[in-house]
Each structure stands twice: as structure tokens, then as C-alpha cells.
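Report on the structure given below.
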Amino acid sequence: MAWVIALALTALLAAWAGVIHHRLRQLCAVVSQAWAGLDALLLERRDELAAFAAACSRHLPEEQDGIDRLQRASAAVFAAAGRRDLPALGAAESLLQDAQARLSASAATSQKLLADADCRERRERLGCIQRALAEQREVYNAAVNLLNLRQQQFPERLVARTMRLQAGTALEFAPARPAT
């Protein structure tokens, strides 16, 4: 009789560990899905920034240094995102925000760019993408924080160790600086 009870308890513990494993896997999937949303927005913004830089090149040839800075920062963001190097992504994003703010300030004073409907539309689109990026970054960070919290709790900690799960890293951007 004792062996039946021991067998039943073992089966219950295994089932419980399976449920915990499944929940942790679901949280990992949520983190991956949130990252995919961020990645898609970063790609979309990269394309819009390239088009905006091309319009600025046509209308503001005197701003070539700022355009080059914007393109280098955009490439750095894309490269860091491709490697999923979050500290490098945060640093590159800060440089990109600064370069974009400076070029946008110059563009806002250019009558040629203000008259160009395509350029106005691109600036508006970039603003929408920036807001969507901020929201998606919050979704990603919330998912990472929830996964990290769950991994630290008992008994999830034991199951996470057997799964070899690592703590996730939140994505932090420096606050945007106003253009000077």
C-alpha cells in the first residue's frame, strides 16, 4: 500500500513539474513574440529613415553630415538588433534618437521639405513608428520581467534550472534629447 501512495505522489510531482515547465515555456514564447514585434518595428523604421534621409539629401545638401550620422546610427541599431545585443541596441538607439532629432529640427525649418508632401508623410510615419516602438518595448520589458520573476520563485526556480533558462534583459533606451 505504501508503494502505491509513493507512486501516486511521484506522479503528482511529475505532473506538477510538467505544468510549471509548460508555463515557463509559454512565458518564453511571449518574450520571443514581443521581441519579434520590436524587430519588425525596427526594420520598418529603418526603411522609413532611409527614405527620409534620401529626401533630406535632395532638399538639404548642406546637412550631409547629419544625414550620414543618421544613417550610421540606423545601421548600428539594426546590427545590434540582429545580434540581439540589448546593451548595444540601447546605446545605438540613443545615438539614433539624437541624430534623428537634429535632422528633424533642420528639416522643420526647410521650406523645400515642408512643401514636399512625401517628406511630411515620412516624418509623420516616423513619429507613429517611434510611438509604436515605445509601446512594444514596454510589452517586451513586461514579458521579460514576468519571466524573470517566475524563474526566481519556488518551485519554478527548480524547473527553470533544469531547463537551463537564463534571466532575460530588459531593453532600456536613454531618454530622447532635444535637438540643439
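Results, tabulated for the structure shown:
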item	result
Arg161 vs. criteria of a type outside the set (A, V, I, L, M, F, W, C), modelled with pLDDT under 90 and exposed (fewer than 11 other Cβ atoms within 10 Å of the Cβ)	yes
So Ala40, is it small (Gly, Ala, Ser) and in contact (Cβ under 8 Å) with a residue 24 or more places away in the chain	no
Residue that is farthest from Ser106 (Cα to Cα) [pool: residues in region 4-23 that are surrounded by fewer than 17 Cβ atoms within 10 Å (Cβ to Cβ) and in contact (Cβ under 8 Å) with a residue 24 or more places away in the chain]	Trp16
Those residues of region 58-90 which are buried (at least 18 other Cβ atoms within 10 Å of the Cβ), of a type in the set (Gly, Ala, Ser), within 18 Å of Ile129 (Cα to Cα) and without any contact (Cβ under 8 Å) to a residue 40 or more places away in the chain, in sequence order	Ala73, Ser74
Qualifying residue in region 160-171 (condition: under 30 Å from Trp16 (Cα atoms) and touching a Gly at 6+ places or on another chain (Cβ under 9 Å))	no
Candidates Ser74, Ser32, Ser57, filtered to the one that is of a type in the set (Ser, Thr, Tyr) and over 26 Å from the mean Cα position of the chain (by Cα)	Ser57
Failed item in (1) more than 30 Å from Ala170 (Cα to Cα); (2) without any contact (Cβ under 8 Å) to a residue 60 or more places away in the chain; (3) among the charged types (D, E, K, R), with Asp116 passing the rest	(2)
Odd one out for Gln152, checked against (1) at pLDDT below 90; (2) under 16 Å from the mean Cα position of the chain (by Cα)	(2)
Odd one out for Ala34 among (1) buried (at least 16 other Cβ atoms within 10 Å of the Cβ); (2) of a type outside the set (Asp, Glu); (3) free of Cβ contacts under 8 Å to residues at least 60 places away in the same chain; (4) under 18 Å from Phe173 (Cα atoms)	(3)
Selection status of Ala55, free of Cβ contacts under 8 Å to residues at least 40 places away in the same chain and surrounded by 13 or more Cβ atoms within 10 Å (Cβ to Cβ)	no
Helices (runs of 4 or more DSSP H) (entirely within region 12-118) containing at least 2 residues that are under 30 Å from Leu149 (Cα atoms)	64-83, 86-109
Region 135-149, residues that are in contact (Cβ under 8 Å) with a residue 40 or more places away in the chain and not aliphatic (A, V, I, L, M)	Gln136, Arg137, Tyr140
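Here is a yes/no grid of residues against (1) out of contact with any Asp or Glu (no Cβ under 7 Å at 6 or more places or on another chain); (2) without any contact (Cβ under 8 Å) to a residue 24 or more places away in the chain; (3) assigned to a helix (DSSP H, G or I); (4) within 19 Å of Glu93 (Cβ to Cβ):
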{"position": "Glu124", "(1), (2), (3), (4)": "yes, yes, yes, no"}
{"position": "Cys128", "(1), (2), (3), (4)": "yes, yes, yes, yes"}
{"position": "Arg131", "(1), (2), (3), (4)": "yes, yes, yes, yes"}
{"position": "Gln151", "(1), (2), (3), (4)": "yes, no, yes, no"}
{"position": "Val159", "(1), (2), (3), (4)": "yes, no, yes, no"}
{"position": "Leu165", "(1), (2), (3), (4)": "yes, no, no, no"}
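The values are calculated or read from the model by the stated rules, or taken from the named source; none is laboratory data. For clarity, every value in this text was computed on a predicted model and none was experimentally measured. FYI the Cβ positions are ideal-geometry reconstructions off the backbone, even for glycines, and counts take in every protein chain you see.
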